[in-house]
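What follows draws every value from the coordinates through simple rules; no lab data is involved. As the structure is a computational prediction, the values presented were derived from the model and not from experiment. Here the Cβ is made from the backbone with ideal geometry for all residues, glycine too, and neighbour counts use every protein chain on show.
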């Protein structure tokens, strides 16, 4: 079975400026491409799983989100760090119209992660997730991930994560050891 490095988008891949939907608002966080290249060299598929309530709340459209996602995927490919897939949940309990609903894809529920596991025949116990919120960590736990990493300032966060790191370079160093334990 394959293994994956799951990434949240806003706050892990790009600086979270709040409901990011335009290329000019999207700023990659230092080290993300290096981390993904390393993960690939260690045999991990890189998969994005992101809540996108901005769609559900009517701040931007599904088409605008998809356009930005294609651009992001192209940037990862150009950096020799291709993404295997991007999953997103546009639904929110306070959304508008068809988007106003609960969804088992919305983190902290594990729906996106479980769907990816089915789509790619993943061993979730050998996989890990990097997220910047408790909802990310909770989703990883619910899916049975091998590790849940919180991307945040360790001095300011109380978390149920396995580890907390403030830089992608620190995660890369840790990932080498985690991968060698398998």
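Across all directions, the average projected area of the convex hull around the alpha carbons of region 89-176 is 6.7 nm². The alpha carbons of region 1-152 occupy a box of 42, 32, 28 Å along the principal axes, longest dimension given first.
When its C-alpha radius of gyration is set against 2.2 N^0.38 Å (N residues), region 129-169 gives a value of 1.03. Taking a ≥ b ≥ c as the square roots of the eigenvalues of the Cα gyration tensor, region 58-115 is classed as oblate, since a/c reaches at least 1.5 and a/b does not exceed b/c.
For the chain, the longest principal axis of the Cα atoms and the long axis of helix 134-143 meet at an angle of about 70 degrees. Summary of packing: across the peptides 32-40, 16-24, 54-62, the per-residue average of other C-beta atoms within 10 Å ranks them, highest first, as 32-40, 54-62, 16-24.
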